[in-house]
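Quick notes on the structure that follows.
The numbers here are math on the coordinates, done by the rules we state, and not lab data. Small disclaimer: the values here were computed from a predicted structure and weren't measured. With ideal geometry, Cβ positions are generated from the backbone for all residues, glycine too; neighbour counts draw on all protein chains shown.
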Ligand SMILES: Cc1cc2nc3c(=O)[nH]c(=O)nc-3n(C[C@H](O)[C@H](O)[C@H](O)COP(=O)(O)OP(=O)(O)OC[C@H]3O[C@@H](n4cnc5c(N)ncnc54)[C@H](O)[C@@H]3O)c2cc1C
């Protein structure tokens, strides 16, 4: 059985050149965050070296659901309650701008086909109606759908269609970012784990490892909680059933159909919630068979599964990214903790941490300050995530 479908994509032929001096910035992690950060810094003329224990995009960035969604990991209603209406709107607009930039950079790795956020029952339908209202009040494009086609109709009472969203081939996108960074002068060292910050001779270090425990974050280590997500891919189906990424049950179930006709589905973490708080990148029979049954039901017949895989993402109890200096370590920065919503946020936060290092921090970084994780006295594990 094959592993992640996305990484089978042909990698572009690129090679990074070794730096001829010590790096100004060392980046640990060559996923979407690290590569986005590297691109911005290298284009600004800094000497950048990226390290990854594996290869480019071989962490969650090449193992995810392929949803490129605007906004944060929480619903827009919760964002307004928690951050205030003005900041929530600023946060959502900020991610929309980054989605536009991803479309400019990504070529055919990103299709702006929108996304469908489904209600699994009447209670969730009521929640989505409130969400739609909130989005419209702030002039965000969003459309109500209560006549869903085919087998979706009997199962989901309604949905919100989000026009700006997209379907991303995440490994292809990140490899293109890596290629662009290398062309801008960044050195990328694959299969080189960093075990000790003291071994890095750069003035600044960025830890961009999201849910994978790096051992480099001092007191913050473990506060971005490693969480496993599992996925399957079917063989190509002859019929086109899903025109865009679909997700429901507060993001616990998500699926899309790729251009070659496969259905890729993930989620069902809640069928074994406790065992999924782990950094062990293994699939389990309970979740894999739940996914397989779910897809068979969606499609209306048993399906042949060709790929099964797992990945690790970083969950943060307040569902906000963690971006900024690591408390107590003046030269060390972190960008991660996207709570299963890291395709657009990883790209955005990688750029934002780079801009902050260049002396131009975005005001939103005050909301993402890592120090808040050390101040909170008790956290509840949230149930609302995207992966
Ligand atoms: C199954 C699943 C489905 C998901 N679906 C979606 C989705 O549809 N949409 C969405 O927006 N988000 C989704 N996510 C979340 C998203 O994939 C991640 O948030 C995002 O990819 C994080 O990117 P990153 O670059 O920060 O980290 P990663 O891509 O995880 O990269 C971190 C890298 O750090 C490296 N590393 C760790 N420690 C060290 C060290 N000490 N030295 C050197 N290298 C090290 C690792 O090898 C790894 O390659 C999903 C996640 C999973 C697991």
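Full extension of the chain segment joining residue 129 with residue 221 gains 29.3 nm, where the gain is 0.36 nm per residue of separation less the Cα-Cα distance.
Globularity index of region 41-93 is 1.69 (Cα radius of gyration / 2.2 N^0.38 Å, N = number of residues). Sort region 140-180 into rounded, prolate or oblate with this rule: let a ≥ b ≥ c be the square roots of the eigenvalues of the Cα gyration tensor; rounded if a/c is under 1.5, and if a/c is not under 1.5, prolate when a/b is larger than b/c, oblate otherwise. Judged from the Cα gyration tensor, region 140-180 comes out oblate (a/c at least 1.5, b/c at or above a/b). Taking 0.36 nm per residue of separation and subtracting the current Cα-Cα distance, fully stretching the chain between residue 294 and residue 358 would add 18.3 nm.
For region 87-173, what mean projected area does the convex hull of the alpha carbons give, in nm²?
Details: hull surface 26.6 nm².
Averaging across all directions leaves 6.6 nm² for the Cα convex hull.
Paramagnetic label reach from residue 306 (point 7 Å along Cα→Cβ; backbone nitrogen cut-off under 20 Å): within region 1-31, residues 1-12.
Arrange the following residues from fewest to most other Cβ atoms within 10 Å of their Cβ: 97, 155.
97, 155
Across the chain, Cα pairs under 8 Å and at least six residues apart give a relative contact order of 24 percent. Mean separation of Cα pairs under 8 Å and 6 or more residues apart, divided by the residue count, gives region 33-163 a relative contact order of 20 percent.
Taking every pair of distinct Cα atoms and averaging 1/r, then inverting, what Kirkwood hydrodynamic radius in Å comes out for the chain? So the Kirkwood estimate lands at 20.9 Å. Residue 11 versus residue 121, label points 7 Å from Cα toward the beta carbon: distance in nm? Label-label distance for residue 11 and residue 121, simple model: 4.6 nm.
The distance between label points at residue 96 and residue 19 comes to 3.8 nm (points 7 Å beyond Cα on the Cα→Cβ vector). Mean-square fluctuations from a GNM of the chain, with a 10 angstrom spring cutoff on Cα atoms, peak among 207, 28, 367 at 367. Computed from label points 7 Å out along Cα-Cβ, the spacing between residue 138 and residue 44 is 2.7 nm. Each residue in 304, 234, 33, 40 was given a count of other beta-carbon atoms within 10 angstrom of its own, and listing them fewest first yields 304, 40, 234, 33. By the count of neighbouring beta-carbon atoms within 10 Å, fewest first, 273, 319 end up ordered 273, 319.
Estimated at 0.36 nm per residue, the fully extended path between residue 3 and residue 235 surpasses their Cα-Cα distance by 82.2 nm. Looking at region 244-315, what % of the alpha carbon pairs are farther apart than 18 Å? Tail fraction, whole percent: 39.
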